[in-house]
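The values are calculated or read from the model by the stated rules, or taken from the named source; none is laboratory data. Bear in mind that the values here come from a model prediction, so they are computed numbers and not experimental data. Here the Cβ positions follow ideal geometry from the backbone for every residue, glycine too, while neighbour counts run over all protein chains shown.
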Amino acid sequence: MGGRDMRLKTVLWAAITFAVLAYLIAPIAVLIYSAFDDGKFFRFPPRELSLRWFREALASPEYRSAVLNSTILATIASVLSVAFGLMAALGLTRGPLRSRPIVEILLLAPLTLPLVVWAIALMQIYARLGLSGSVGGLILAHTIITLPLSVRILMATLSNIDPNLEDAARSLGARPLRAFARTTLPLAMPGVLTSAAFCFLISFNDVVVTTFIAGASWMTFPVRMYSQLRGQGVDPITLAIGAMIVALILVIVALGEARFKWSRRL
């Protein structure tokens with residue numbers, strides 16, 4: 001009786017897992033598969049497979065410019081978020097802060113509010129500071145919305161690293177910065193890369209904050225996709241670019257997972 005119940009539970013959990021995975025993967029599969037349709041309108045399943053829209057996407061200056069803008073913005077924002085997040089995480093995990101809970105709450109506050117609230121607040125502040133529509137203001141806004149996640153990931157990473165390693169390096173004559181770079185930073189690198197990846201994806205996919213803050217001359221790919229959907233519906237070129245981005249992300253994730261498993265074997 002016990003063995004039968006165990007098999008039933010195993011089958012049940014396998015069915016639930018398969019259903020959840022299917023629910024998560026189905027939109028991605030539909031997006032990628034539909035991008036190969038030769039028609040001018042969204043159809044699923046595709047009636048005639050073709051690479052037509054991939055070629056047009058690569059040849060479109062508007063979409064290439066939008067993707068490039070998103071990539072530049074997300075790269076700069078993720079670098080700044082990781083840099084500031086690492087300093088904040090070091091201060092919160094190793095610094096003698098008496099008001100650490102208050103500082104931690106303030107740093108993580110953006111996670112508790114909808115992006116629309118932050119976007120409206122930033123728009124009002126930028127209007128007073130003369131930063132509305134500026135690229136620098138947009139980079140700062142994306143850094144703000146990605147910083148809390150970076151701090152949270154890096155705090156969790158640093159809390160698992162023994163600070164005595166860095167103390168030992170300093171006791172042997174290494175300067176504080178060199179001791180950190182040679183002991184703590186290599187051990188924290190998986191968390192740093194994870195934080196950078198998440199910050200990049202959040203910034204690259206953002207629509208709300210960019211719509212409120214960016215000027216007309218700085219069009220990112222998500223904003224252009226949203227504008228296209230509102231104006232003319234689903235554009236096949238948008239599907240093709242989306243499919244390429246999804247495929248690139250999947251490849252990066254697969255390589256990262258392979259690198260992680262390889263490093264654990266060493």
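Residue-level check: of (1) farther than 25 Å from THR211 by Cα; (2) at pLDDT 75 or above, PRO96 misses just (2). Kindly list, by first and then second residue, each pair from a residue in the range 69-80 that is under 19 Å from ARG224 (Cα atoms) to a residue that is of a type outside the set (D, E, K, R) and not in a helix (DSSP H, G or I), limited to pairs with Cβ atoms under 7 Å and residues at least 6 apart or on different chains. From the range 69-80, the pairs are ASN69/TRP218; ASN69/MET219; ASN69/THR220; SER70/THR220; LEU73/THR220. What is the residue count in the range 193-220 for residues that are out of contact with any Phe, Trp or Tyr (no Cβ under 9 Å at 6 or more places or on another chain), surrounded by fewer than 18 Cβ atoms within 10 Å (Cβ to Cβ), of a type outside the set (S, T, N, Q) and outside any helix (DSSP H, G or I)? Matching residues across the range 193-220 total 2. From the list ILE72, ILE32, ILE16, the one residue that fits, being among the β-branched types (Val, Ile, Thr), out of contact with any Gly (no Cβ under 7 Å at 6 or more places or on another chain) and modelled with pLDDT under 85, is ILE32. None of LEU154, LEU266, LEU255, LEU158 is touching a Lys or Arg at 6+ places or on another chain (Cβ under 8 Å) and either buried (at least 18 other Cβ atoms within 10 Å of the Cβ) or modelled with pLDDT under 75 (or both) except LEU158. Scanning the range 116-142 for residues that are in a loop (DSSP other than H, G, I, E, B), surrounded by fewer than 16 Cβ atoms within 10 Å (Cβ to Cβ) and in contact with a Phe, Trp or Tyr (Cβ under 9 Å, 6 or more places away or on another chain) yields one hit, GLY133. PHE204: in contact with a helix residue (DSSP H, G or I) (Cβ under 7 Å, 6 or more places away or on another chain), of a type outside the set (S, T, N, Q), modelled with pLDDT of 85 or more and within 28 Å of ALA88 (Cβ to Cβ), yes or no? Against the criterion (in contact with a helix residue (DSSP H, G or I) (Cβ under 7 Å, 6 or more places away or on another chain), of a type outside the set (S, T, N, Q), modelled with pLDDT of 85 or more and within 28 Å of ALA88 (Cβ to Cβ)), PHE204 qualifies. Among all residues of the range 164-187, there is none that is under 21 Å from the mean Cα position of the chain (by Cα), farther than 21 Å from LEU107 by Cα, surrounded by fewer than 20 Cβ atoms within 10 Å (Cβ to Cβ) and of a type outside the set (A, V, I, L, M, F, W, C).
Residue pairs whose Cβ atoms lie under 9 Å apart, sitting 6 or more positions apart in sequence or on different chains, and linking a residue in the range 163-188 that is within 17 Å of GLY91 (Cα to Cα) and touching a residue at least 24 places away in the same chain (Cβ under 8 Å) to a partner that is surrounded by 13 or more Cβ atoms within 10 Å (Cβ to Cβ) and of a type in the set (Ser, Thr, Tyr), are PRO163/THR93; PRO163/THR184; ALA188/THR157. Restricting the first member to the range 211-228 and to residues that are at negative phi, and the second to residues that are at pLDDT 75 or above and charged (D, E, K, R), the beta-carbon pairs closer than 7 Å and six or more apart or on different chains are PRO222/ASP206. When restricted to residues that are more than 30 Å from GLY95 (Cα to Cα) and in contact with a helix residue (DSSP H, G or I) (Cβ under 8 Å, 6 or more places away or on another chain), the range 136-162 contains 2.
Is it the case, given these coordinates, that PRO190 is surrounded by fewer than 17 Cβ atoms within 10 Å (Cβ to Cβ) and in a helix (DSSP H, G or I)? Yes; evaluated as a whole, the condition is true for this residue.
The single condition among (1) at pLDDT below 75; (2) of a type in the set (Ser, Thr, Tyr); (3) in contact with a Cys (Cβ under 7 Å, 6 or more places away or on another chain) that SER78 does not satisfy is (1).
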